[in-house]
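Visitor: There's a structure below that I have some questions on.
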């Protein structure tokens, strides 16, 4: 594996999580890893949709890659389920390797930028976890989702696509 472009850590549910971030410039550079999750910085009319859960506000739309599902299929499915939108075009931003100190298990999560188009009004998430969403400006995203240094890097990578 190549050298990470950024290293950080954060506290999640009382545990310290180590993050190694890797930039990905082209779809052809996406490594074949055991992807657990994919999240999208969407662009709908120059605003970013953030989803709301029963117990938490302000997260990027996306979620788990199901058994036998490709990363791209998971991304399209999650955007339709959580926003009732479709992806018109997308670009990879990169991925993070998450681990807990002393734990051999790691999780790989991918992040993309996507131009979105509304299919219809959001009514419900078939999975039941998303209860709504709101649209925010690109400059407000990391203050709301609190992704730290990785979030700053994601926003810097996407800012050019917003007017």
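The values are calculated or read from the model by the stated rules, or taken from the named source; none is laboratory data. The structure presented is a predicted model; accordingly, all values stated were derived computationally and were not measured. As a convention, Cβ positions derive from the backbone with ideal geometry for all residues, glycine included, and neighbour counts pool all protein chains shown.
Visitor: Condition test on residue 108, is it over 18 Å from residue 50 (Cα atoms), buried (at least 20 other Cβ atoms within 10 Å of the Cβ), under 13 Å from the mean Cα position of the chain (by Cα) and modelled with pLDDT of 95 or more? Let's see the steps before the verdict.
Guide: On the way: over 18 Å from residue 50 (Cα atoms): yes; buried (at least 20 other Cβ atoms within 10 Å of the Cβ): no; under 13 Å from the mean Cα position of the chain (by Cα): yes; modelled with pLDDT of 95 or more: yes.
For residue 108, the condition - over 18 Å from residue 50 (Cα atoms), buried (at least 20 other Cβ atoms within 10 Å of the Cβ), under 13 Å from the mean Cα position of the chain (by Cα) and modelled with pLDDT of 95 or more - is not met.
Visitor: Within the range 9-31, work out how many residues are farther than 20 Å from residue 141 by Cβ and not in a strand (DSSP E or B).
Guide: Qualifying residue count for the region: 9.
Visitor: Out of (1) in contact with a strand residue (DSSP E or B) (Cβ under 7 Å, 6 or more places away or on another chain); (2) in a strand (DSSP E or B); (3) modelled with pLDDT under 95, the odd one out for residue 2 is which?
Guide: The number of the failed condition is (2).
Visitor: Something else now. I'm checking my understanding of the structure. Among residues of the range 32-53 that are part of a loop (DSSP other than H, G, I, E, B) and touching a residue at least 40 places away in the same chain (Cβ under 8 Å), which one is surrounded by the most Cβ atoms within 10 Å (Cβ to Cβ)?
Guide: Going through the qualifying residues, I end up with 33.
Visitor: Tally the residues that are farther than 14 Å from residue 147 by Cβ and either within 14 Å of the chain's Cα centre (by Cα) or surrounded by fewer than 16 Cβ atoms within 10 Å (Cβ to Cβ) (or both), restricting the search to the range 8-21.
Guide: Residues flagged as farther than 14 Å from residue 147 by Cβ and either within 14 Å of the chain's Cα centre (by Cα) or surrounded by fewer than 16 Cβ atoms within 10 Å (Cβ to Cβ) (or both) within the range 8-21 amount to 4.
Visitor: Does any residue in the range 131-145 that is more than 22 Å from residue 54 (Cβ to Cβ) come within less than 6 Å, Cβ to Cβ, of a residue that is part of a helix (DSSP H, G or I) six or more places away or on a different chain, and which pairs are these?
Guide: Partner pairs satisfying both residue conditions: 138/159; 142/151; 142/152; 142/155.
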